[in-house]
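Asker: Quick one: this structure, given as structure tokens, is what I'll be asking you about.
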């Protein structure tokens, strides 16, 4: 007999906005929008997240910030404070590890936990979820919504049922009763085009999908047809997988106005190189592949990459390479809307991929270490570079 699985999906409620309301109690009960500067309805960029009070006005994540402003000009618009949110996220994951070692991060504010082997330490699976929610609220000061189910998909769907501060348990013996009445769009990973195609052949609910002949679905949708039929019938063997190693570190910026100005673009490239370098060094990593991303007016996006001889996390090396890629790129006289810098092909910072490390590299490493110490003590703005050089 197969052992029952108990999988949790934890989703923090309006995470960025909730953290801001926690840190500034005067914002509680107010519509709070975290994202780009709206600039009185003329801003660019999008909403990162918003409070539930803001959602009552029709505002949601990924909405253009200009539209969010038009929907609720009296909302409190705040910039994204990445460092603060990452710190809170780290605290959140520390709590997760008090309940189970089997954790699959999904994003900064979302994760799957498998408590099959640990729930007995806390009582029942449901009691474990209650204790987890209480620990998050007591130690972090914000709420989380949790779905508990025998499969990952059901747990993810359940976590969204009673937001905010919800807890929904789906019992194995009632899994199909839970899934079948749902709109087909609730299936995890189902795209809009596939949903439309299913609707066109009369499949509206998950139950409709489950009751169709699997051969018919395979003929129409190929292998994905079989997969969708299995999910609709509660068959989801996907396990909670531990976090994979970081594959890349990147940062990008959208300009307030599309620009031709070379000096503006190069200064932005330097700032991005500094941010990427700092993140690499904080994570004790370095990389060999430098990628330059550019989005032109009209939203055409391009990337250019090059793999350098030795892995690096030095600002100067990253900036010199990404600047070279930028200058080599022919944008045909079009203005630039967005640029980005990414380092991939990563390895531990202390790994020697070149046996012959010259004095210049050793000197640069000492300089960067000194700069790291100064920034940690006095903040990122305490050191400025001239022309991309220390």
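The values are calculated or read from the model by the stated rules, or taken from the named source; none is laboratory data. The shown structure was predicted, so the numbers you read here are calculated from the model rather than taken from an experiment. Don't worry about glycine lacking a Cβ; one is built from the backbone with ideal geometry, like all the others, and counts go over all protein chains shown.
Residues checked against (1) farther than 23 Å from residue 242 by Cα; (2) touching a strand residue (DSSP E or B) at 6+ places or on another chain (Cβ under 8 Å); (3) surrounded by 16 or more Cβ atoms within 10 Å (Cβ to Cβ):
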| site | (1), (2), (3) |
| --- | --- |
| 19 | yes, no, yes |
| 28 | yes, no, no |
| 68 | yes, yes, yes |
| 86 | no, no, no |
| 115 | no, yes, yes |
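Asker: Quick one: is residue 14 crowded, with 22+ Cβ neighbours inside 10 Å and under 30 Å from residue 124 (Cα atoms)?
Answerer: yes
Asker: Right, here's the next one. Could you figure out which of (1) touching a strand residue (DSSP E or B) at 6+ places or on another chain (Cβ under 7 Å); (2) at pLDDT below 90; (3) assigned to a helix (DSSP H, G or I) isn't true of residue 272?
Answerer: Checking residue 272 against (1) touching a strand residue (DSSP E or B) at 6+ places or on another chain (Cβ under 7 Å); (2) at pLDDT below 90; (3) assigned to a helix (DSSP H, G or I), the one that fails is (2).
Asker: Scan the helices (runs of 4 or more DSSP H) fully inside the stretch 136-253 and keep the ones with 1 or more residues being over 30 Å from residue 100 (Cβ atoms), free of Cβ contacts under 8 Å to residues at least 40 places away in the same chain and outside the structural domain of residue 24 (by TED's automatic domain parsing).
Answerer: Hits in the stretch 136-253: 192-200, 206-210, 214-221, 223-232.
Per-residue answers, yes or no, for (1) at pLDDT 85 or above; (2) in the same structural domain as residue 306 (by TED's automatic domain parsing); (3) in a loop (DSSP other than H, G, I, E, B); (4) surrounded by 17 or more Cβ atoms within 10 Å (Cβ to Cβ):
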residue: 324; (1), (2), (3), (4): yes, yes, no, no
residue: 327; (1), (2), (3), (4): yes, yes, no, no
residue: 343; (1), (2), (3), (4): yes, yes, no, yes
residue: 350; (1), (2), (3), (4): no, yes, yes, no
residue: 356; (1), (2), (3), (4): no, yes, yes, no
residue: 363; (1), (2), (3), (4): no, yes, no, no
residue: 367; (1), (2), (3), (4): no, yes, no, no
residue: 374; (1), (2), (3), (4): no, yes, no, no
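Asker: Taking the stated definitions as given, is residue 290 touching a helix residue (DSSP H, G or I) at 6+ places or on another chain (Cβ under 9 Å), farther than 30 Å from residue 112 by Cα, assigned to a strand (DSSP E or B) and at pLDDT below 90? Please lay out each step first, then the result.
Answerer: Working: touching a helix residue (DSSP H, G or I) at 6+ places or on another chain (Cβ under 9 Å): yes; farther than 30 Å from residue 112 by Cα: yes; assigned to a strand (DSSP E or B): yes; at pLDDT below 90: no.
No: the conditions fail for residue 290.
Asker: Please work out if residue 158 is surrounded by fewer than 16 Cβ atoms within 10 Å (Cβ to Cβ), under 24 Å from residue 17 (Cα atoms) and out of contact with any helix residue (DSSP H, G or I) (no Cβ under 7 Å at 6 or more places or on another chain). Walk me through it before giving the result.
Answerer: On the way: surrounded by fewer than 16 Cβ atoms within 10 Å (Cβ to Cβ): no; under 24 Å from residue 17 (Cα atoms): yes; out of contact with any helix residue (DSSP H, G or I) (no Cβ under 7 Å at 6 or more places or on another chain): yes.
Against the criterion (surrounded by fewer than 16 Cβ atoms within 10 Å (Cβ to Cβ), under 24 Å from residue 17 (Cα atoms) and out of contact with any helix residue (DSSP H, G or I) (no Cβ under 7 Å at 6 or more places or on another chain)), residue 158 does not qualify.
Asker: Do we have any residue at all in the stretch 295-314 that's more than 30 Å from residue 47 (Cα to Cα), in contact with a helix residue (DSSP H, G or I) (Cβ under 8 Å, 6 or more places away or on another chain), modelled with pLDDT of 90 or more and surrounded by fewer than 16 Cβ atoms within 10 Å (Cβ to Cβ)?
Answerer: Among the residues of the stretch 295-314, at least one is more than 30 Å from residue 47 (Cα to Cα), in contact with a helix residue (DSSP H, G or I) (Cβ under 8 Å, 6 or more places away or on another chain), modelled with pLDDT of 90 or more and surrounded by fewer than 16 Cβ atoms within 10 Å (Cβ to Cβ), which makes the answer yes.
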